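*Asks:* The structure under discussion is supplied below as structure tokens; questions concerning it will follow.
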Amino acid sequence: MTSVPADPRSAGTPGAPANTEAPAGEMPPYNPEQFWDEMFAGPGQVRHHYAELARKLATLSPADVARRQRAADHSFQARGITFAVNQGVEGIEKIMPFDLVPRMITPDEWRQVERGLEQRVRALNLFLHDVYHEQRILEQEVMPPELVLGATGYRREFRGVDVPLGVYTHIVGSDLVRDASGAFFVLEDNLRTPSGVSYLVENRRVLKRTWPQIFETYDVRPVEQYPQDLLEVLLAIAPPIVDEPNVVVLSPGVYNSAYYEHVFLAKAMGVELVRGSDLFVDDATVYMRTTRGRRRVDVIYRRVDDDFLDPLTFKPDSLLGVAGLVATYRLGRVSLANAIGTGVADDKAIYAYVPRIIRYYLGEDPIIPNVQTYLPSEEDDLAYVLEHLDELVVKAVNESGGYGMMIGPHASAAEREEFRQRILADPRSYIAQPTLALSRHPCWVDDHFEGRHVDLRPFVLFGREVKVTPGGLTRVALRRGSLVVNSSQGGGGKDTWVLGHVPEESVPSGAQFIAPAGDMAPRGEGG
Amino acid sequence: MLCRVADDIFWMSRYVERAIWVGRLIDVVWHFELDAGDQDEGADVWAPLLGPNHPRSLGTGTPSARDVRHFLAFDQENPSSLVNCIRKARSAAQGVRESISSEMWEQLNTVYLSLDTARPDARAEDDPHAFYQPIRNGMLFVQGLADSTLLRDESWLFFCLGRSLERADTLARILTLQAPLLQNVSGAGQDDVVRWLAVLRSCGAAEAYSHYYALRIEPARVIEFLLLNPLFPQSIRFCLETAMAALEGIAGPVVVGAPGAGKGDLAVRALGLLEARLRHTAVDEVLEEGLEEFLEDVQHRVQVVSEHVTAGYLRDEPQPGRLVAVARAAMIMATQQQQQRWPSPPDPLSLPRERGRRLL
């Protein structure tokens, strides 16, 4: 399917088949096919909240769109908003491809997302407190103990350690998807060091810079305040004995794929960006080395994984961490965000139990459901998974970023056989989920619009209260038909608008969304 | 400020300044070559720029003019080639993006990306001015942005210190290369005037010189102007005064040499001595001592200052042998009284290791 902004002449003709109105050589209108499309209810049927945007797009020629696209790409490149692809000394820096058409979320949809995430994050923090203290949930056999205590993210060293405010996950980025009915599901939780929030803010800035006109008439909720909200959370968890806490961001360094984000956050919060080698521990206090001697550090927003934090406790060959940091943390003399050991709660096998976790601790039903998940470690599930490998998505429990997964319907027989063997060898390390028909959104491809699958990663901050930033990172699977949205696998991004209110009914919702006259050749079916 | 951040800002600033000088030098010598006419083969003006140490990457034999230009601008093995300066400045800036302004980073990155094209050396050979001028302007723009966007805290002071020390050092190096020419005063022939003009131009000083003296160009004045002028911002004296002001800002209100003086005490003393020397000497004394010796001494001392700055501020390591002056003096007296050979504590002006040897 192919399409481009509407011809103004046909824009006001609700529901008219495009081919009869359009000039000769015209292509068929944008077709959402069998998927939930964020913008279209059906062929030519623009959803109400997108109507104004569709009208603006209709006034543009493909050359206009391409020009703004180039300006946006240039803006990302020149400002060095890049991620490193090959982690190495001379890694290649790439920009995350940015699609100009914003994704919109209505106030009603957002209310559900916000409430659902708050519920989830509160329940997961109660769960973390429990598994590192009394372990009631295991005693009462709501979950198999071996699943929790045997998870790679579980840090037995931290049993009995109290954390400030009882909060473990100060920054959470959960991945949401929508199925063909438009319902939201949680695909996974990121409770360790979720990244992507700089893109949430930068995508908005770049879109404002390159295409300010499309913001007119829309009430878009701002996202610029995120770093200040984050700083407030970090100050709130400082050790109570400290009057004026010193906050730092701990980064692995310039070759980390998210280095730009570390810079962005440190700068926006006005705190030091440090590396492990800038810090040292003396007399149960963490210090940084400055030109005027040592300076105490009270709160560390660490973007270094647990394993690398302290060579004395975890990986002994880690150069990214600080010797003695973990002991200082246990004494409560320095605070870490997120806490150590949160990985147990975003383990892909534990994920399957999150609905039960929510019911157990809060006595509520999950507001946003999980995706159906099969655990090969349980016998019934194993049989089902092996029988249905061709329809399921299989994921390695300990991998992320789109690595170590197999999408059954797209995989070859050999790949399926390989995963069958791997699952049989180590069932605890895999989960399987039905292949979701992820929702789609029109994206600018070469010189026209095509539907591409998207997900949504909102960011949740948890200090004294839970705050969901009104926006999110909409990731786009840029290859036609692909379901993998990770930036390391060629995914792109979109600005994500949470609307303060839905605009007044100003155009009939059936506005056309088809090609302008002239310069484009028809394209084949996609999806 | 973090030691690592100060270190990166200091070196970013030095490499930005060095890139400006290398770019200008190539541009100026090229123009001079055209003026010099065809009495010599081209390598005559270019080869001296390599200095006494013939670089390995050029192989043996007399390098062609094109080889020399390539070495100065594009050679990956030359640590001070234009592209290496820009790459290192950008890489240092990348490590401290949170501490410099976004504008500075974006500008530096833009210049860096502009070199990231196919065959930049062919472009440079084809139209040198159109190639080097925008690069030099781009780097000057970085300095201008630093001036108007950096907080006047340590980030600015280390930026100034790096730029001023680098400028003094590079000036001394360029003049060393030209010293034989300046001293062989065979009379004020037309050719010589053109050469001295080229020297002034390669230091960006031709117009300022004319304006200052409004006299015919002569070597003694050229030397005086570039070394000792108190008003021209690219004279060695001026650079050292600027560096001293920055270093005093960094060191804070400590009484130099007092017990427990700041971490950078040695740096302040070494730079103070050097600055005073330039401030209180005259051109005849410089020539009496020997121009080349004088310039070599300046380079050596700038290097020592840079090392003391590194040890005092840019590394947070205990410094062995950093004794309070009085304690050291007592040791010296004891040694003298006993007429005994005692292992002497390190001389504050001893030559330490260099960060990347360079020819220019």
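The values are calculated or read from the model by the stated rules, or taken from the named source; none is laboratory data. Just so you know, these numbers come straight off a predicted model, no measurement behind them. So basically every Cβ, Gly included, is an ideal-geometry build from the backbone, and we count neighbours across all protein chains shown.
*Asks:* Is at least one residue of the range A:142-159 among the aliphatic types (A, V, I, L, M), assigned to a loop (DSSP other than H, G, I, E, B) and at pLDDT 95 or above?
*Replies:* Of the residues in the range A:142-159, the ones among the aliphatic types (A, V, I, L, M) are A:142-143, A:147-149, A:151.
Then keep just the ones that are assigned to a loop (DSSP other than H, G, I, E, B); that gives A:142-143, A:151.
Okay, now just the ones that are also at pLDDT 95 or above, so none.
The answer is no; no qualifying residue exists.
*Asks:* Working only within the range A:192-214, note down all residues that are in a loop (DSSP other than H, G, I, E, B), under 18 Å from A:Tyr226 (Cβ atoms) and touching a Gly at 6+ places or on another chain (Cβ under 9 Å). I'd like the intermediate steps shown before the answer.
*Replies:* As a first pass, look at the range A:192-214 and keep what is in a loop (DSSP other than H, G, I, E, B): A:192-196, A:211.
Next cut, under 18 Å from A:Tyr226 (Cβ atoms) only: A:193-196.
Once the filter is applied, which keeps residues that are in a loop (DSSP other than H, G, I, E, B), under 18 Å from A:Tyr226 (Cβ atoms) and touching a Gly at 6+ places or on another chain (Cβ under 9 Å), the range A:192-214 yields A:Pro194, A:Ser195, A:Gly196.
*Asks:* Considering every residue within the range A:76-88, establish whether at least one is free of Cβ contacts under 8 Å to residues at least 12 places away in the same chain, among the hydrophobic types (A, V, I, L, M, F, W, C) and in contact with a helix residue (DSSP H, G or I) (Cβ under 9 Å, 6 or more places away or on another chain).
*Replies:* yes
*Asks:* Moving on to the next point. With of a type outside the set (Gly, Ala, Ser) and within 14 Å of another protein chain (Cβ to nearest Cβ) as the only criterion, which of A:Arg221, A:Arg205 stands out?
*Replies:* Values: A:Arg221 fails: within 14 Å of another protein chain (Cβ to nearest Cβ).
Result: A:Arg205 is the single residue among A:Arg221, A:Arg205 that is of a type outside the set (Gly, Ala, Ser) and within 14 Å of another protein chain (Cβ to nearest Cβ).
*Asks:* Given the conditions (1) modelled with pLDDT of 90 or more; (2) polar (S, T, N, Q); (3) under 30 Å from A:Ser277 (Cα atoms), and given that B:Gln319 satisfies all but one, which numbered condition is not satisfied?
*Replies:* (1)
*Asks:* May I pose another question? Mind counting the residues in the range A:246-261 that are within 11 Å of another protein chain (Cβ to nearest Cβ) and within 14 Å of B:Leu2 (Cβ to Cβ)?
*Replies:* Looking only at that region, the number is 4.
*Asks:* I need a count of the residues in the range A:271-292 that are small (Gly, Ala, Ser), within 28 Å of A:Val201 (Cβ to Cβ) and within 9 Å of chain B (Cβ to nearest Cβ). Spell out the reasoning first.
*Replies:* Start the filter on the range A:271-292 by keeping residues that are small (Gly, Ala, Ser), which leaves A:276-277, A:284.
Now drop any that are not within 28 Å of A:Val201 (Cβ to Cβ), which leaves A:276.
Applying the additional criterion that residues be within 9 Å of chain B (Cβ to nearest Cβ) yields none.
Residues in the range A:271-292 being small (Gly, Ala, Ser), within 28 Å of A:Val201 (Cβ to Cβ) and within 9 Å of chain B (Cβ to nearest Cβ): 0 in total.
*Asks:* Of these, A:Glu417, A:Glu450, which one is closer than 30 Å to A:Val385 by Cα and of a type in the set (D, E, K, R)?
*Replies:* Working: A:Glu450 fails: closer than 30 Å to A:Val385 by Cα.
Matching residue, one of A:Glu417, A:Glu450: A:Glu417.
*Asks:* Could I ask something else about it? With the condition being crowded, with 21+ Cβ neighbours inside 10 Å, within 25 Å of the chain's Cα centre (by Cα) and within 14 Å of chain A (Cβ to nearest Cβ), I'd like the helices (runs of 4 or more DSSP H) fully within the range B:64-128 carrying at least 1 qualifying residues. Give the derivation first.
*Replies:* On the way: elements: B:65-73, B:82-95, B:102-115, B:120-126.
So the answer is B:82-95, B:102-115.
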